[in-house]
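These notes are about the structure you will find just below.
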Amino acid sequence: MVSRSYSNLLELASGESPSFGRMSRRIPRIMTVAGIMSDIDDDPSESVCSDPSSSSIPKDRIIIVANQLPIRAQRKSDGSKSWIFSWDENSLLLQLKDGLGDDEIEVIYVGCLKEEVHPNEQDEVSQILLETFKCVPTFLPPDLFSRYYHGFCKQQLWPLFHYMLPLSPDLGGRFNRSLWQAYVSVNKIFADRIMEVINPEDDFVWVHDYHLMALPTFLRKRFNKVKLGFFLHSPFPSSEIYKTLPIREELLRALLNSDLIGFHTFDYARHFLSCCSRMLGLSYESKRGYIGIEYCGRTVSIKILPVGIHMGQLQSVLSLPETEAKVKELIKQFSDQDRIMLLGVDDMDIFKGISLKLLAMEQLLMQHPEWQGKIVLVQIANPARGKGKDVKEVQAETHAAVKRINETFGKPGYDPIVLIDAPLKFYEKVAYYVVAECCLVTAVRDGMNLIPYEYIISRQGNDRLNKLLGQEPSTPKKSMLVISEFIGCSPSLSGAIRVNPWNIDAVADAMDFALEMAEPEKQLRHEKHYRYVSTHDVGYWARSFLQDLERTCRDHSRRRCWGIGFGLSFRVVALDPNFKKLSMERIVSAYKRTTTRAILLDYDGTLMPQASIDKSPSSKSIDIINNLCRDKNNMVFLVSARSRNTVDEWFSECEKLGLAAEHGYFLRLKRDAEWETRVPVADTTWKQIAEPVMQLYTETTDGSTIEDKETSLVWCYEDADPDFGSCQAKELLDHLESVLANEPVTVKSGQNIVEVKPQGVSKGLVAKRLLSIMQENEMSPDFVLCIGDDRSDEDMFEVITTSMAGPSIAENAEVFACTVGRKPSKAKYYLDDTAEIVRLMQGLASVSEQTGTV
């Protein structure tokens, strides 16, 4: 049920009716629309419909969901215990809104406050935040929040996503089921909050970061057609790391309930796609520059775009008198003393590599004594966001290293390292950026890290700051960056000196190189970086993401959707409106009414599961096929990609069964008939070219095999590593197409196979042949059933569908083209799996026995 603790929130906001006073449309508390899977009572009095007349100029609206609201909250100092709320100008979520522009889109925020609010105050606080800031606060009990945030998020997900395995209790948190349950509970509470303000037909929802990875499932379950995007701001680990997570599949499926999933870099996206392939068996395709995963008939798009900074905010901070005063102070402290400032700005956590940076500074001073007394590393250490033993260890290690280095290389009036571990205001950090000759970011793993971007813009400065630095307005600006290759912003800063932070010598050399670099080179690198950072700001990032989300959701309205699965395995199947599940009652009724029937059946994946090790038919399958074949009104064909010797052996007991082998190249009307070919006899000399090529790929791809048929060659990689096998298959496909360009064959890829076969051969030939035989015998079928499971069967579906308008099928015939599984297909019907196919065939065979036509 929807949380009732917040049920009158909208009425509180307006004082009259459930709507926002300044919003572009009325906001329903609960919507009842087609395609919703929810346990909400269907009481019409509880349902509020969208009222387009509430505003003359409706805007698009987006609900931004994150762990924390972009709000600062503090108690009034007058003793009244009232709250004072203000925007958190440093919040990315607020900067995102400014980047989108208030005139174009309306933004609602859903998230937690940093401060705890007593339950007695929550209604009042909710009203104030909704009225004034359009924020919907999510209130969590302190114990639940601690287990969710400090427990599961910070002690389990965060270390794992930064490549830290819990090999021992001291190295990251071991998986704890109760913490996972707290995580799921909080995600559900967030979903309930969103439910209270969403208009599911129109609103977009954008969920941020790893704190809410389960949320898409809860939203998709309530609103099957919700327009939902998710952006991960942390790294996504390689599959070898991620697959150690006990709830790995649940989180993957939850993310796949989004329409668009965003990552900062291709590496993070590639790791996610690899996990989907290895753990869920899902493949991806790139079409016209867009990457998409087909998931239950839905296309989940993948977006790769690093976030940017808020140019306007940073430039306004650069113009503050406080910034100017701080810059003067730092110039006096460093430049006037003929000292060069190197700058590091990092959170005090285990992944930011502060101690590695200090060791590199120590190495630099040892190897290059000429820099002693001339350079100073200012290390600003922001307070850690998490808690725990690891944070205390980092703090102790950092302070010890600073003390040692300063004692070794310092002298009166000079400390080579200045550690600032007290909170600084943003303008103070910006002042350090302005003065620093080089910025060092040596994190061992970081999702994005915008420090280099802020540094570049700060070094561009403005006229007043340039004057303080003794620069003419026309003087080209300069900046130098030494950055870790393991942070998200590294690929976009091609002019930076990239380093492996674990290699202390290399980092020290990079610092020396940056200090010694010629001025024109520094200026060129700065100009290149400034051009990129200034054009790829947070507004560009947000607009680009929303444009892709809108494109991905464009066909939601014309899709039929329904949910399947339980808990976090829930997923939505989205199909074309004309694509339906084949009803047993409907087909049995049609079967009973008709007298001339054509039945075409694929074998592998249709009558026999793909995953089965023993592929030969069971005695039960043979009995069902024989019962159908003995019905004098039926003509039954089994169509397979296997060789004719194999199908002949397997179905030797089926006297009246028609067989088609090797995708229809060979065809036999019944057991005692001769095999005929549907195309001219194939010249197989091309095998002498193709087989050595396939053999090469078999030797280099463990788990792959070659199947040599009479007219075709098949390279199968079903048992190979899925990523490597898929990669090798693409290479093999190109290789074979190249060497066989002048041969009368086609090269095609299928499910875990690459196949070479004669041109013109397809299962569609079998369907044409069957219909023509029946037409020649003046037996135009009034019932056609065609069932298959993969791409090769689509040719049969196409022939059957197009023949409906021709003379080969009786007028008003009952035609059923059916695929296995809910997926895009030329068939109009589907059944879920091979078990349902077998039950269907068994049912039809029973009808034949009961009617006495056998």
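The values are calculated or read from the model by the stated rules, or taken from the named source; none is laboratory data. Every value quoted in this text rests on a predicted model; they were computed, and no experiment measured them. All Cβ positions, even for glycine, are placed from backbone atoms using ideal geometry, and neighbour counts span all protein chains on display. Protein only, heavy atoms only, side chains kept; ligands, DNA and RNA dropped before computing areas. Shrake-Rupley method; radii C 1.70, N 1.55, O 1.52, S 1.80 Å.
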Pick from segment 368-392, criterion modelled with pLDDT under 90 and part of a helix (DSSP H, G or I), ranking: farthest from Y149 (Cα to Cα): K392
Restricting to segment 345-381, name every residue that is in contact with a Leu (Cβ under 8 Å, 6 or more places away or on another chain) and within 22 Å of K425 (Cβ to Cβ). V376, L377, V378, Q379, I380, A381
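Residue-by-condition table, conditions (1) touching a Phe, Trp or Tyr at 6+ places or on another chain (Cβ under 8 Å); (2) open to solvent by 30 Å² or more (accessible area, probe 1.4 Å):
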{"position": "D631", "(1), (2)": "no, no"}
{"position": "N634", "(1), (2)": "no, no"}
{"position": "S640", "(1), (2)": "yes, no"}
{"position": "S643", "(1), (2)": "no, no"}
{"position": "T646", "(1), (2)": "no, yes"}
{"position": "E655", "(1), (2)": "no, yes"}
{"position": "L659", "(1), (2)": "yes, no"}
{"position": "G664", "(1), (2)": "no, no"}
{"position": "L667", "(1), (2)": "yes, no"}
So, in segment 69-90, of the ones that are open to solvent by 80 Å² or more (accessible area, probe 1.4 Å) and in contact with an Asp or Glu (Cβ under 9 Å, 6 or more places away or on another chain), which residue ends up modelled with the lowest pLDDT? K81
Subset of segment 385-409 (residues that are open to solvent by 30 Å² or more (accessible area, probe 1.4 Å) and among the aliphatic types (A, V, I, L, M)): A396, A400
Of the numbered conditions (1) within 25 Å of R222 (Cβ to Cβ); (2) modelled with pLDDT of 65 or more, D43 satisfies every one except a single condition; which is it? (2)
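Between I800, I787, which is buried (at least 24 other Cβ atoms within 10 Å of the Cβ), assigned to a strand (DSSP E or B) and β-branched (V, I, T)?
On the way: I800 fails: assigned to a strand (DSSP E or B).
Exactly one residue qualifies, and that residue is I787.
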Number of the condition not met by I800 [criteria: (1) over 19 Å from L601 (Cβ atoms); (2) touching a residue at least 40 places away in the same chain (Cβ under 8 Å)]: (1)
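Any residue that is within 36 Å of the chain's Cα centre (by Cα), charged (D, E, K, R) and under 30 Å from M841 (Cβ atoms) - is there at least one of those in segment 742-757? So that I can check it myself, show each step before the final result.
Step one: list which residues in segment 742-757 are within 36 Å of the chain's Cα centre (by Cα), which gives 746-756.
Then keep just the ones that are charged (D, E, K, R); that gives 748, 755.
Still in the list and also under 30 Å from M841 (Cβ atoms): 748, 755.
The answer is yes; a qualifying residue exists.
Conditions (1) of a type in the set (D, E); (2) open to solvent by less than 70 Å² (accessible area, probe 1.4 Å), marked per residue:
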{"residue": "T677", "(1), (2)": "no, yes"}
{"residue": "G703", "(1), (2)": "no, yes"}
{"residue": "T711", "(1), (2)": "no, yes"}
{"residue": "E718", "(1), (2)": "yes, no"}
{"residue": "D723", "(1), (2)": "yes, yes"}
{"residue": "S749", "(1), (2)": "no, yes"}
{"residue": "K763", "(1), (2)": "no, yes"}
{"residue": "E778", "(1), (2)": "yes, no"}
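Please verify whether L469 is open to solvent by 30 Å² or more (accessible area, probe 1.4 Å), out of contact with any Gly (no Cβ under 9 Å at 6 or more places or on another chain) and in contact (Cβ under 8 Å) with a residue 40 or more places away in the chain, treating the condition exactly as stated. Quick ask: steps written out before the conclusion?
On the way: open to solvent by 30 Å² or more (accessible area, probe 1.4 Å): yes; out of contact with any Gly (no Cβ under 9 Å at 6 or more places or on another chain): no; in contact (Cβ under 8 Å) with a residue 40 or more places away in the chain: yes.
It is false that L469 is open to solvent by 30 Å² or more (accessible area, probe 1.4 Å), out of contact with any Gly (no Cβ under 9 Å at 6 or more places or on another chain) and in contact (Cβ under 8 Å) with a residue 40 or more places away in the chain.
Residues that are among the polar types (S, T, N, Q), open to solvent by less than 30 Å² (accessible area, probe 1.4 Å) and modelled with pLDDT of 95 or more: find the helices (runs of 4 or more DSSP H) completely inside segment 224-343 holding 1 or more of those.
Numbers: elements: 239-242, 248-255, 266-280, 311-318, 321-333.
Output list reads 321-333.
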Do we have L582 as more than 30 Å from L94 (Cβ to Cβ) and at pLDDT 85 or above here? yes
Take segment 806-851 and flag every residue that is in contact with a helix residue (DSSP H, G or I) (Cβ under 9 Å, 6 or more places away or on another chain) and in a strand (DSSP E or B). E814, V815, F816, A817, C818, T819, V820, Y829, L831
Out of all the residues in segment 414-451, which are farther than 22 Å from F513 by Cα, surrounded by 23 or more Cβ atoms within 10 Å (Cβ to Cβ) and β-branched (V, I, T)? V430
Mind checking which residues of segment 679-701 are of a type outside the set (S, T, N, Q), surrounded by fewer than 18 Cβ atoms within 10 Å (Cβ to Cβ) and touching a helix residue (DSSP H, G or I) at 6+ places or on another chain (Cβ under 9 Å)? V679, I689, L696
Is there any pair linking a residue in segment 443-458 that is farther than 18 Å from F426 by Cβ and touching a residue at least 24 places away in the same chain (Cβ under 8 Å) to one that is of a type in the set (K, R) and surrounded by fewer than 24 Cβ atoms within 10 Å (Cβ to Cβ), with Cβ under 6 Å and at least six apart or on different chains, and which? none
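Counting residues that are in contact with a helix residue (DSSP H, G or I) (Cβ under 7 Å, 6 or more places away or on another chain) and more than 27 Å from V761 (Cβ to Cβ), which helices (runs of 4 or more DSSP H) fully inside segment 563-652 reach at least 1? Quick ask: steps written out before the conclusion?
Details: elements: 584-593, 619-630, 644-650.
Answer list for segment 563-652: 584-593, 619-630.
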